[in-house]
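Worksheet for the structure shown next.
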There are 2 protein chains.
Amino acid sequence: MRGAVLAVGDELLLGDIVNTNAAWLGEQLAAVGVQVVHSAAVGDDVPRLVTALRRALEDADVVVLSGGLGPTVDDLTRDAVALVADAPLQRSAALEEHLRGLFAAYGLPMPEANLRQADVPRGARALDNPAGTAPGLRVEVGDQLVFALPGPPHELRAVAAPVLAELAELSGARLFTRTVHCGMTGESQVAELVEAAVSVPEGVALAYLAGGGVVRVRFTGEQDAVLRRLADAAAAALGDAVWGRDADTLAGVVHGLLGRAGATVAVAESLTGGLLGAALTELPGSSAGFRGGVVAYATELKESLAGVPATVLAEHGAVSPETAAALACGVRERLGATYGVALTGVAGPDEQEGRPVGTVHAAVAGPDGLLEVRSGRLPGDRERVRLLAVARGLDLLRRVLQAE
Amino acid sequence: MRGAVLAVGDELLLGDIVNTNAAWLGEQLAAVGVQVVHSAAVGDDVPRLVTALRRALEDADVVVLSGGLGPTVDDLTRDAVALVADAPLQRSAALEEHLRGLFAAYGLPMPEANLRQADVPRGARALDNPAGTAPGLRVEVGDQLVFALPGPPHELRAVAAPVLAELAELSGARLFTRTVHCGMTGESQVAELVEAAVSVPEGVALAYLAGGGVVRVRFTGEQDAVLRRLADAAAAALGDAVWGRDADTLAGVVHGLLGRAGATVAVAESLTGGLLGAALTELPGSSAGFRGGVVAYATELKESLAGVPATVLAEHGAVSPETAAALACGVRERLGATYGVALTGVAGPDEQEGRPVGTVHAAVAGPDGLLEVRSGRLPGDRERVRLLAVARGLDLLRRVLQAE
């Protein structure tokens with residue numbers, strides 16, 4: 001089955017917002033066996049919408065639109081779908097009642113304009129929207145299917161669930177995905193190790209996705225048991241570079257390891273300014289494993305906040321393995337955590353203390369003192385160096401926790 | 001002039017990456033007077049690329065492609081452009097020499113495959129790429145223009161600069177933009193104030209862009225002096241909710257105010273886990289104004305790291321205006337800064353100490369003690385509450401600095 005994705009809204013063409021719906025729909029459709037061969041964004045204009053929808057129907061068996069279902073005059077998806085399906089809009093009494101009920105529940109008067117959201121092309125079916133007022137639409141155009149879903153991402157996802165279920169059944173070719181995540185290793189090195197260890201059978205796609213200090217090895221195919229075996233073999237070949245599978249996040253894996261060990265962590269940061277602590281508190285329930293941190297941006301705070309000896313700073317400088325080690329030990333002790341993680345380095349754009357941009361020292365300390373220091377030079381601009389440094393700090397802690 | 005944007009790559013259709021190039025190109029093209037009426041993503045397949053390019057040329061005077069200019073077999077943009085322009089690829093001796101030179105400069109052998117990047121459709125012009133090996137292409141198709149730019153965003157931007165300059169000249173209708181940024185005020189409230197104060201003349205577009213605790217009021221038109229007057233009037237109507245104009249960022253404005261006052265800031269965070277410090281260190285040169293911070297995630301660290309009296313915590317709880325105030329005063333003093341900013345609250349998903357998700361208290365302290373506390377309930381999920389809390393903390397500091 002071939003699919004097309006059509007995102008509606010002037011704001012997409014003007015670049016006011018990034019088209020994340022297309023990426024999400026592409027991923028979800030692939031997972032239910034619909035290959036997206038066509039993706040476009042189109043403005044709030046009926047003739048352009050009609051042209052775009054007709055072109056999508058030339059290329060695909062199923063078209064999924066997002067956006068343009070709101071109550072205002074520039075919400076025109078319903079009108080365009082009705083024209084292309086040659087099925088005039090009819091007001092649904094059931095939807096009208098539903099809309100009035102929604103507003104009544106909030107104690108608000110319903111603007112007359114909202115009644116447009118009760119209009120459905122003749123013969124089409126409205127799709128329940130548990131997250132907003134705009135119902136989706138399911139319209140048959142000959143033997144092709146058109147789904148119109150609301151634009152706000154959380155509404156899109158809510159309305160898409162039964163659509164994806166229907167498409168999975170229709171395609172009869174549900175695709176599964178198994179992913180192995182590794183930290184701080186180059187993409188080509190990962191590929192070499194994986195391809196030496198596994199031979200990918202017919203019908204399985206192997207892809208490498210790199211970014212943010214992580215390389216993901218992804219197997220896609222129709223037989224989940226086969227994929228699982230391939231992922232296991234790839235993970236074995238990659239050894240302790242692997243930190244997780246499938247929906248795992250690095251911070252989530254770290255918290256899992258801390259939880260199983262009944263341990264806690266505290267962080268001392270410099271170049272990352274707080275991003276390491278932010279990563280460790282992204283998930284709900286972080287307080288069980290995360291004590292807190294210090295951001296010792298000014299050099300003398302490394303001494304006063306985290307107890308780095310003045311002699312270490314004077315002899316080795318703020319950007320040094322010795323300072324990273326002392327930060328990790330100091331923050332662990334002062335914040336009463338089982339482990340301390342520290343990051344110091346040069347985010348750029350200018351070098352510091354004669355150290356080039358990208359220099360990063362990460363250290364982990366435990367109850368018996370310093371456990372590991374990793375030094376290196378990370379690529380990219382200020383933003384990228386900071387993000388990669390966070391990934392390096394988390395991954396170093398993960399390795400230590402897994403080894404213990 | 002009408003424009004079309006065509007992003008090339010299977011990874012876009014599969015949702016492996018989000019199409020940020022389309023948003024960037026849409027914004028840039030609008031600024032040089034090219035209205036984007038067509039935007040699509042297309043896979044690595046010559047027939048599909050040809051169809052997509054032909055459709056783009058049906059709708060637009062100028063088509064900008066991104067991606068598919070690499071050296072590998074699935075980089076097919078050159079081939080498709082050559083077919084549509086009916087101009088066979090020819091190897092450019094000058095480009096070949098340039099490519100060999102690039103590899104030689106890095107001391108690397110050049111894979112033969114890279115020579116494909118020296119192929120140019122007959123009559124087309126190669127566009128210099130200062131950021132990578134893939135040159136761009138400028139191809140005339142009848143009286144229409146096709147530009148093919150590399151896909152990696154930093155290369156795209158580098159190669160696009162002269163393209164945008166040429167289009168600005170061709171369109172003769174350079175559009176200007178003037179933006180006013182306000183903090184922590186609802187979009188409809190902003191619109192009401194602006195529309196009571198300014199009447200928008202013919203040929204000027206007024207838009208409101210809301211997100212991340214910021215509402216942007218944007219005027220777009222051909223006469224910059226007119227836009228500037230409108231922006232001034234809007235800013236006057238919005239009063240001290242306004243924190244910046246045009247390319248300003250909230251953290252940048254705060255650093256500017258700190259710099260002019262010869263002052264520094266330190267932060268104490270809880271629910272944001274380090275995001276406030278991260279925001280204040282996003283820009284180069286942050287060390288002049290930012291001393292550092294503490295992330296007092298565990299309640300008792302609020303006492304040990306930032307000197308919040310145990311009695312305050314016991315009487316009012318960790319999530320209280322009193323604790324925020326004590327955090328701001330304590331961190332200011334302990335970290336030796338002119339100002340202290342503190343954030344405490346409930347990020348969710350569960351309530352804490354009986355306080356609902358979204359409860360946030362922000363406080364700012366200065367040399368004479370506590371200056372301001374702002375309490376409220378922020379909307380959204382954990383991620384959104386944390387981001388909005390950071391915006392609230394920065395904006396409170398900005399208001400205090402502007403008032404001093």
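Readers should treat all values here as calculations from the given coordinates under stated rules, not as data from a laboratory. Just so we're clear, the structure is a prediction, and the values are computed from it rather than from any experiment. A quick note on method: Cβ atoms are made from the backbone with ideal geometry, for glycine too, and the neighbour counts reach across all protein chains shown.
The table that follows gives values for the structure above.
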quantity	calculated
Exercise: per-residue mean of other protein chain Cβ atoms within 10 Å, B:280-293	6
Expected-Rg normalisation [2.2 N^0.38 Å, Cα atoms] applied to segment A:84-160	1.13
Top positive-direction residue, dipole computed over chain B with Cβ charges, set B:G289, B:T272, B:F147	B:G289
Test item: Cα-centred dipole of the protein assembly as shown, Lys/Arg +1 and Asp/Glu -1 on Cβ, debye	960 debye
Simple label model, 7 Å out from Cα along Cβ direction - A:L283 to B:A205, nm	4.3 nm
Magnitude of the charge dipole, chain B, Cβ model with Lys/Arg +1 and Asp/Glu -1, debye to 20	680 debye
Mean Cβ count within 10 Å, highest first, over the residues of peptides B:166-173, A:23-30, A:358-365	A:358-365, A:23-30, B:166-173
Under 10 Å, Cβ to Cβ, from B:A241 - net charge with Lys/Arg +1 and Asp/Glu -1	-1
Ascending list, in nanometres, of distances separating the B:D232 label from those of the other copies (7 Å, Cα toward Cβ)	7.3
Phi-based couplings in Hz for segment B:16-23 (Karplus 6.51, -1.76, 1.60; Gly and Pro marked x)	5, 10, 8, 7, 6, 4, 4, 5
Surrounding net charge for A:A279, when Lys and Arg each add one and Asp and Glu each subtract one, Cβ distance under 13 Å	0
Rounded tilt (10° steps) of B:46-59 against the dominant C-alpha axis of chain B	80 degrees
Residues A:L276, B:L149, A:L49, sorted so that the one with the fewest Cβ neighbours within 10 Å comes first	A:L49, B:L149, A:L276
Cα lying deepest toward the dipole's positive end in the protein assembly as shown, options B:G186, B:A94, A:V390, charges on Cβ	A:V390
Highest average packing first - B:241-250, A:36-45, Cβ atoms within 10 Å	A:36-45, B:241-250
Calculated FRET efficiency for the pair B:R91/A:R260, C-beta based, R₀ 60 Å, to 0.05	0.50
Beta bridges per DSSP with both ends in chain B, % antiparallel, nearest 5	60 percent
HN-Hα J in Hz across segment A:152-159 - Karplus 6.51, -1.76, 1.60, θ = phi - 60°, x for Gly and Pro	x, x, 6, 6, 3, 5, 5, 6
Shielding of B:298-305 by partner chains, average beta-carbon count, 10 Å	5
Global geometry of segment B:1-56, whether rounded, prolate or oblate, following the gyration tensor of its Cα atoms and the 1.5 cut on a/c	oblate
Within 10 Å of each Cβ in B:263-275, the average number of Cβ atoms from other chains	5
Compactness index (Cα Rg / 2.2 N^0.38 Å), chain B	1.23
Label-point gap, in nm, between B:D246 and A:A161 - each point 7 angstrom along Cα→Cβ	4.8 nm
Overall Cα dimensions of segment A:176-245 - principal axes, largest extent first, Å	30, 21, 17
Backbone HN-Hα couplings from phi across segment B:222-239 [Karplus 6.51/-1.76/1.60, Hz, Gly and Pro as x]	8, 10, 4, 4, 5, 4, 5, 5, 5, 5, 4, 5, 5, 4, 4, 5, 8, x
Helix axis angle, A:250-261 relative to chain A longest principal axis, alpha carbon, degrees	60 degrees
Protection proxy ranking of B:287-296, A:212-221, A:5-14 - average other beta-carbon atoms within 10 Å, highest first	B:287-296, A:5-14, A:212-221
Check: segment A:250-403 dipole with +1 on Lys, Arg Cβ and -1 on Asp, Glu Cβ, in debye	480 debye
Rg [Å, one decimal], Dmax [Å, integer] - the protein assembly as shown, C-alpha atoms	27.9, 81
Long-range HN-HN contacts of A:V64 with modeled amide H, under 5 Å	A:A4, A:V5, A:L6, A:F147
In degrees, nearest ten, helix B:187-197 long axis to first principal axis of chain B (Cα)	80 degrees
Most mobile of A:V385, A:V312, A:V190 in a GNM of chain A (Cα contacts under 10 Å)	A:V312
Estimated Rh, segment A:2-171: Kirkwood, alpha-carbon pairs, angstrom	15.9 Å
Amide H partners (placed H, <5 Å) of B:N129, local residues excluded	B:G136
Beta carbon of chain B nearest to the axis of the rotation taking B to A, residue and angstrom distance	B:G274, 1
